[in-house]
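In what follows, a single structure is set out as structure tokens and then discussed.
The values are calculated or read from the model by the stated rules, or taken from the named source; none is laboratory data. Predicted model only: the values in this text are computed from it and were never measured. Here the Cβ is made from the backbone with ideal geometry for all residues, glycine too, and neighbour counts use every protein chain on show.
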Amino acid sequence: MAYYTLPVSSDSNDHGIPDQPLPLVLMPHGGPWGRDFWGYNPWHQWLANRGYAVLSVNFRASTGLGKAFTNAGDHEWGGKIIEDQIDA
């Protein structure tokens, strides 16, 4: 699960893809056993206001998505957790 924010007016068709390429900022949350939530995020808004697309990924080991998903991050702090963010 991920949250994606685009600058206002960057997607004239409202289909989630900007009309032209934008720089992207990946904003990982505070580490294993945490998560990002839907709702107002001041960092996303601040960066989008300056022309950046922003992506926050709930990578494996994030909480709130089931015990198996959380446990899938065990011993993967420099491996699969990073790969999840790169893949996104």
Of all residues being in contact with a Leu (Cβ under 9 Å, 6 or more places away or on another chain) and part of a loop (DSSP other than H, G, I, E, B) in the range 58-88, which is modelled with the lowest pLDDT? Just the residue, please. A88
For the range 30-57, name all the residues that are outside any helix (DSSP H, G or I) and modelled with pLDDT of 75 or more. W38, G39, Y40, N41, R50, G51, Y52, A53, V54, L55, S56, V57
